[in-house]
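Below: one structure, written as structure tokens.
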There are 2 protein chains.
Amino acid sequence: MSEAKRRPPYYLGIDLGGTAIKSGVVDDEGRPLSSVELPTEAVRGPDIGLRNMAEAARRAVAESGLEWEEIAGVGLGSPGDMDLPAGILLNPPNLPGWDNLPIRDRLAELLGTPVAFQNDANAAAFGEFWVGAGRDVDSMAMYTLGTGIGCGIIDHGRIISGQHSHGSECGHMIIQAIGGREHPPGYFGRLEAYASATALVLRATEAIEAGEKTTLASALVSGGLTAKLIDDHGKAGDPLAARLMKETAYFLAVGAVSLMHTIDPDVVLYGGGMIASGPAFLEEIRANIKKMAFPVPAAKTRVEYAQLGSDAGFIGAAGWAREVRRTAG
Amino acid sequence: MSEAKRRPPYYLGIDLGGTAIKSGVVDDEGRPLSSVELPTEAVRGPDIGLRNMAEAARRAVAESGLEWEEIAGVGLGSPGDMDLPAGILLNPPNLPGWDNLPIRDRLAELLGTPVAFQNDANAAAFGEFWVGAGRDVDSMAMYTLGTGIGCGIIDHGRIISGQHSHGSECGHMIIQAIGGREHPPGYFGRLEAYASATALVLRATEAIEAGEKTTLASALVSGGLTAKLIDDHGKAGDPLAARLMKETAYFLAVGAVSLMHTIDPDVVLYGGGMIASGPAFLEEIRANIKKMAFPVPAAKTRVEYAQLGSDAGFIGAAGWAREVRRTAG
């Protein structure tokens with residue numbers, strides 16, 4: 001972006017993942033000035049991970065052409081579970097060994113500046129609410145479809161993070177009370193066990209092992225069975241793969257309908273890797289929602305793909321820092 | 001209440017139901033000064049119904065010993081579905097023939113004063129939030145268990161009524177995506193189809209007709225099979241009745257867990273006729289929630305019975321009128 005167009009103040013966002021850290025600087029209208037990605041090296045422990053986060057942040061500022069002093073706020077989005085008000089990771093499944101880490105204050109110390117802390121899926125949703133597919137609405141919910149199913153709900157500018165930091169975990173709604181699939185271990189029937197990329201691959205694996213005829217069979221043998229491959233084979237006409245994608249859209253619609261009968265937002269968004277499937281998958285979700293929801297929300301609730309791609313996390317974390325600064329004074 | 005203890009201003013609440021209208025005056029601390037019940041006579045149409053609502057309101061004021069001029073606000077809680085901002089009933093299943101009725105403004109005209117309008121289950125939840133089992137929390141959800149399952153969510157003083165007046169309809173979350181029971185007609189797998197009093201009787205009927213041995217069988221023949229009877233027979237040791245009550249508690253817990261992973265409130269409340277079952281039923285719900293929710297909300301979320309009984313509706317409607325007056329300035 002040309003310097004003339006940039007609109008201060010500027011905010012830095014950090015999107016922490018189990019594999020990679022993405023960081024960038026955005027201006028006051030959420031436009032990215034820089035974007036840097038570094039490996040998390042999560043297995044090397046939180047000290048190395050925090051060092052990598054700080055390094056990604058510094059590089060993002062350097063790449064933006066700004067000085068540290070020009071950054072008005074820093075936001076961090078992190079996988080959970082967590083205690084948000086305390087800024088502590090509790091027992092995060094994607095960051096093994098990072099238990100009970102005071103991540104917010106440790107990072108603030110490394111950077112020499114306060115850090116606004118959020119759940120990663122909430123941060124991504126907040127990014128879409130601020131400058132993405134939810135920018136013209138008051139209330140939205142967003143699912144991030146990947147290995148798991150993240151969720152963020154924004155209601156009139158407020159992130160629904162809950163009284164115990166477990167709000168907006170809609171991937172863990174129970175959609176099958178009787179005979180539900182087990183995932184995570186010990187938990188049954190949750191949306192994530194049916195409609196995440198991981199669940200899709202598992203459901204395909206079970207069908208192949210049960211002897212269903214499919215062009216996916218050789219991929220299972222070679223270890224190359226992925227959600228993307230299933231989607232590709234479905235589009236190429238493989239009946240099992242096509243059915244699995246249709247069922248995934250149905251399960252996602254079930255989750256959306258429950259949200260529409262609870263929060264009743266203006267818009268339900270889908271982001272994350274699986275939306276690469278394209279418009280037909282979205283249409284299938286929409287068609288199922290229309291059949292299952294009450295008539296008024298069925299007719300009026302917009303169902304869309306997210307717009308910020310994998311930048312949503314750091315843009316939203318930066319936007320959250322901006323929001324915290326604004327509401328603090 | 002003695003006149004000395006009454007604390008002005010005073011508010012009038014009206015709780016409209018398919019069978020009866022309940023109205024009462026409360027003081028500024030939500031304490032009822034009067035309570036009047038009249039038949040709705042819904043089948044005689046909205047003109048008669050509105051006349052009965054106005055009559056109940058007038059009698060409630062008279063019984064309170066106050067003059068109309070001392071009433072600072074009037075609130076109405078009504079069954080849906082509805083357009084809340086417009087004050088219109090759309091196509092309410094419990095009030096056949098009341099379609100597209102501008103109920104709020106028609107009642108305001110009859111009473112000569114503005115009316116604050118809410119969904120009945122939201123109003124009941126707001127009553128509990130104001131002066132009942134939720135009075136010491138910031139965020140709560142309440143299920144009203146009866147013929148159907150009503151729900152109200154209050155988050156930091158705001159009723160989650162949604163962008164299309166379909167928020168907090170958590171009895172219509174989908175808890176069984178595959179092979180779900182049908183109810184209402186054309187809709188499948190909703191909580192209400194499993195855990196309402198109606199659903200309990202239907203599940204018992206099916207089990208008896210399928211030949212299960214039970215002390216309930218004669219009640220089915222005589223037409224006297226009710227949720228209360230099933231509960232009584234379960235307590236008396238009938239295995240089918242006991243199992244049905246346990247399953248009902250499980251289904252309610254499934255719904256609560258999905259809410260806890262979405263709103264993550266301080267407390268989940270249960271009100272309505274079915275809580276007459278008593279403490280063991282509540283304990284069964286709690287035990288299931290503890291097994292199914294994430295550890296932190298499982299440990300910290302309070303699960304309780306509501307405290308205001310059948311007065312919750314008019315107290316909450318009056319409280320909503322008070323809230324609207326306060327937030328208006």
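The values are calculated or read from the model by the stated rules, or taken from the named source; none is laboratory data. Just so you know, these numbers come straight off a predicted model, no measurement behind them. Because the Cβ atoms are built from the backbone with ideal geometry, glycine has one as well, and the counts that use them run over all protein chains shown.
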Looking only at segment B:178-199, decide whether some residue is modelled with pLDDT under 95 and hydroxyl-bearing (Ser, Thr, Tyr). no
Among the residues of segment B:124-154, what is the count of those that are within 18 Å of B:Gly30 (Cα to Cα) and either among the hydroxyl-bearing types (Ser, Thr, Tyr) or surrounded by fewer than 24 Cβ atoms within 10 Å (Cβ to Cβ) (or both)? 7
Here are some residues: B:Leu240, B:Leu252. Which one is more than 14 Å from chain A (Cβ to nearest Cβ) and in a helix (DSSP H, G or I)? B:Leu240
Please pick out the residue among A:Asn100, A:Asn91 that is in the same structural domain as A:Val74 (by TED's automatic domain parsing) and at pLDDT below 95. A:Asn91
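Okay, residues lined up against (1) of a type in the set (Lys, Arg); (2) on the phi < 0 side of the Ramachandran plot; (3) crowded, with 19+ Cβ neighbours inside 10 Å:
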site	(1), (2), (3)
B:Leu12	no, yes, yes
B:Gly17	no, yes, yes
B:Val25	no, yes, yes
B:Asp28	no, yes, no
B:Thr40	no, yes, yes
B:Arg51	yes, yes, no
Condition set in contact with a Leu (Cβ under 9 Å, 6 or more places away or on another chain) and assigned to a helix (DSSP H, G or I), scope segment B:290-305, selection farthest from B:Asp138 (Cα to Cα): answer is B:Pro295
Of the residues in segment B:1-32, those that are within 13 Å of B:Ala72 (Cβ to Cβ) and of a type outside the set (Lys, Arg) number 10
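Do we find that B:Gly13 is more than 14 Å from every other protein chain (Cβ to nearest Cβ) and in contact with a Pro (Cβ under 8 Å, 6 or more places away or on another chain) in this structure? Walk me through how you get there before you give the answer.
Working: more than 14 Å from every other protein chain (Cβ to nearest Cβ): yes; in contact with a Pro (Cβ under 8 Å, 6 or more places away or on another chain): no.
No: the conditions fail for B:Gly13.
May I ask you to verify whether A:Leu229 is under 20 Å from A:Pro279 (Cα atoms), more than 9 Å from chain B (Cβ to nearest Cβ), surrounded by fewer than 24 Cβ atoms within 10 Å (Cβ to Cβ) and not charged (D, E, K, R)? Let's see the steps before the verdict.
Numbers: under 20 Å from A:Pro279 (Cα atoms): yes; more than 9 Å from chain B (Cβ to nearest Cβ): yes; surrounded by fewer than 24 Cβ atoms within 10 Å (Cβ to Cβ): yes; not charged (D, E, K, R): yes.
So A:Leu229 passes the test.
Specify which of the listed residues (A:Ala54, A:Ala60) is part of a helix (DSSP H, G or I), among the hydrophobic types (A, V, I, L, M, F, W, C), assigned by TED's automatic domain parsing to the domain that holds A:Leu101 and in contact with a strand residue (DSSP E or B) (Cβ under 7 Å, 6 or more places away or on another chain). Can you show your working first?
Numbers: A:Ala54 fails: in contact with a strand residue (DSSP E or B) (Cβ under 7 Å, 6 or more places away or on another chain).
Result of the check over A:Ala54, A:Ala60: A:Ala60.
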Residue ID - surrounded by the most Cβ atoms within 10 Å (Cβ to Cβ), chosen from residues in segment A:192-224 that are within 12 Å of A:Thr248 (Cβ to Cβ) and of a type in the set (Val, Ile, Thr): A:Val201
Given the structure, is B:Ala280 surrounded by fewer than 16 Cβ atoms within 10 Å (Cβ to Cβ) and either modelled with pLDDT under 95 or assigned by TED's automatic domain parsing to the domain that holds B:Ala241 (or both)? yes
Check segment A:310-329 and report whether any residue there is modelled with pLDDT under 95 and either assigned to a loop (DSSP other than H, G, I, E, B) or at positive phi (or both). yes
